[in-house]
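**Q** Shown below is the structure under consideration.
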Amino acid sequence: PINFDPGRIVGLGATLSPLNGCVLDDGRVVSCRVPRDWIVRFQMLEYSSAFVANRVGWSELNAVPVLSGGGSCWRRDAIEELGGFSRETTHEDLEMTIRLHEHFHRESRPYRIVYLPDNVLRTEVPHTWRGLYRQRKRWQRTLFETVWRHRGMIFNPRYGTAGMLLMPYLLLYEALGPFVELAAYALTIVLLLLGV
């Protein structure tokens, strides 16, 4: 149940769940099995973590990082107020979510961007390493574009939770995290080779 003023909601997002391994009949899911491809299994686990645990928490803080493309619904007047979706970023969903946070905080207007975990939409995830690489490369590029474009929000109390928690999280964990993780793997190998 939504326990706040629905008139303040500017965006709603739904859970995306991998369609891989499901059988459809006239557009309806009639059965699902765990796919054989480990790359798809990995993404199923990842989607559960990202969409269920992560975004539910951010929604409670009114700091949802992204309402994913086909799994989102936006108030038309809010989008029009911002001049529509940006053509300057690779994907519009992340940038629009952050731009709405920025706009409503700057205007000191109450708003909500809400994630609804009980509404599930199905999406097909990449089933090859090449497809996964290309998808994640696009996602990372969009993340860097968006964080750079809205860098003035980072650690800026004017933007509330979105500025003090969400934007630093996007920069440090989502954008720079993969590089830190790769450096940690490399350091581990070097230390093992050195006997440390």
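**Q** Determine one quarter of the surface area of the Cα convex hull of the chain, which equals its mean projected area, and express it in nm² to one decimal.
**A** Over all viewing directions, the chain projects a mean Cα-hull area of 14.4 nm².
**Q** Taking K and R as +1 and D and E as -1, what net charge do the other residues with C-beta under 14 Å from the C-beta of Arg130 add up to?
**A** Values: positive: Arg134, Arg136, Lys137, Arg138; negative: Asp37.
So the environment of Arg130 carries a net charge of +3.
**Q** Another question, then. Given H placed on each backbone N at 1.01 Å, which residues far from Thr123 in sequence or on other chains put an amide H within less than 5 Å of it?
**A** Ser17, Leu19
**Q** Membrane-span-like helices in the chain: DSSP H runs reaching 24 Å or more (Cα, own axis), mean Kyte hydropathy at least 0.5?
**A** Values: long enough: 129-149 (30 Å, -1.55); 177-194 (25 Å, 2.02).
Membrane-span-like by this criterion, though nothing is claimed about a membrane: 177-194.
**Q** At a threshold of 8 angstrom on Cα-Cα distance, excluding pairs fewer than six apart, so keeping six or more, what relative contact order does the chain reach in percent?
**A** 28 percent
**Q** Of Leu19, Ile9, Gln140, which is farthest towards the positive pole of the chain's charge dipole, taken about the Cα centre with +1 and -1 on the beta-carbons of Lys, Arg and Asp, Glu respectively?
**A** My answer, from the dipole projection, is Gln140.
**Q** Moving on to the next point. Just the ratio, please: alpha-carbon radius of gyration of region 50-99 over 2.2 N^0.38 Å, N its number of residues.
**A** Compared with the compact-globule rule of thumb, region 50-99 sits at 1.18.
**Q** Now, a different point. Considering only protein heavy atoms, what per residue accessible area in square angstrom results for the chain with a 1.4 angstrom probe? Can you show the working numbers first?
**A** Details: 12040 Å² over 196 residues.
Spelled out: the 1.4 Å probe surface of the chain, per residue, equals 61 Å².
**Q** A follow-up question, please. For Leu172, what is the net charge nearby, where nearby means another residue's Cβ is under 14 Å from its Cβ and Lys, Arg count +1, Asp, Glu -1?
**A** Values: positive: Arg151; negative: Glu174, Glu181.
Residues near Leu172 contribute -1 overall.
**Q** For region 132-163 and region 46-98, what is the separation of their C-alpha centers, rounded to whole Å?
**A** 12 Å
**Q** Could you grab the relative contact order for region 90-196? Cα pairs under 8 Å, six or more apart, rounded to a whole percent.
**A** Averaging sequence separation for qualifying contacts and normalising by length gives 29 percent for region 90-196.
The values are calculated or read from the model by the stated rules, or taken from the named source; none is laboratory data. It should be emphasised that the depicted structure is a prediction, and the values quoted were computed from it without experimental measurement. Backbone-built Cβ (ideal geometry, glycine too); neighbour counts: all protein chains shown. Note: areas computed on protein heavy atoms with side chains; ligands, DNA, RNA excluded. Shrake-Rupley method; radii C 1.70, N 1.55, O 1.52, S 1.80 Å.
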